[in-house]
Amino acid sequence: AVKAASQSNMPIYAECGGLMYLVRELVSENNHHQMAGVFDCSVAMEKRPVGHGYAIQRATADNPFFAEGARVVGHEFHHFPDEAPAVRCGFATERGKGIAEIDGVLSDGLVSQRPLATYHHFHAASSDEWARNFVALARDGYTEESGEVYGFSLVYSGNFAAEIEVDCMASTRILMGL
């Protein structure tokens with residue numbers, strides 16, 4: 001279903017484990033697991049992280065959510081793909097390990113039409129551009145201020161809380177995490 005959605009030009013944004021879910025294959029201790037196949041590459045789970053720490057990405061022209069040249073800050077904690085991906089990348093890595101060196105440029109952010117999958121954990125407070133562009137791509141005629149949009153992010157590490165709030169404008173907000 002996810003691959004079909006990506007082929008129908010639905011915007012998809014995935015970080016870290018989301019990237020691993022969207023590739024063709026996940027390799028762990030010589031076991032091969034078929035994944036969603038949105039991106040035609042595999043990732044390998046190494047015993048130790050390859051990229052770990054603060055990261056800075058610069059959006060490329062192929063990035064569906066950030067304008068070309070936009071500076072995207074965050075952190076990375078990841079394992080490299082088993083092979084260099086034969087797809088476009090949405091970021092040129094300025095600080096960090098990225099995914100792979102492609103055409104002489106350290107890169108991150110696999111791109112296939114509107115899906116973007118990255119090991120980079122974007123610090124959302126550093127830019128509102130991503131959210132505006134995601135909403136604008138979601139459906140024709142939708143904007144940052146009007147249209148139906150559902151977005152969920154789950155963070156879990158032992159302590160967990162979930163809240164649902166409806167404000168005076170009948171907007172619903174769902175918050176899940178620590």
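The values are calculated or read from the model by the stated rules, or taken from the named source; none is laboratory data. Everything quoted here is computed from the prediction, not taken from an experiment. Cβ sites come from the backbone with ideal geometry, for glycine too, and all protein chains shown count toward neighbours. Only protein heavy atoms, including side chains, enter the accessible area calculation; ligands, DNA and RNA are left aside. Shrake-Rupley method; radii C 1.70, N 1.55, O 1.52, S 1.80 Å.
Structure notes:
- Condition check for Tyr54: at pLDDT 85 or above, within 20 Å of Glu76 (Cβ to Cβ), open to solvent by 20 Å² or more (accessible area, probe 1.4 Å) and assigned to a strand (DSSP E or B): yes
- Matching residues in region 2-12 - criterion: being open to solvent by 50 Å² or more (accessible area, probe 1.4 Å) and either assigned to a loop (DSSP other than H, G, I, E, B) or within 21 Å of Phe66 (Cβ to Cβ) (or both): Ser8, Asn9, Met10
- Remark: Ala61 falls outside the filter, which requires a residue to be assigned to a helix (DSSP H, G or I) and either basic (Lys, Arg) or out of contact with any strand residue (DSSP E or B) (no Cβ under 8 Å at 6 or more places or on another chain) (or both).
- Qualifying residue in region 14-34 (condition: in contact with a Ser or Thr (Cβ under 9 Å, 6 or more places away or on another chain) and hydroxyl-bearing (Ser, Thr, Tyr)): no
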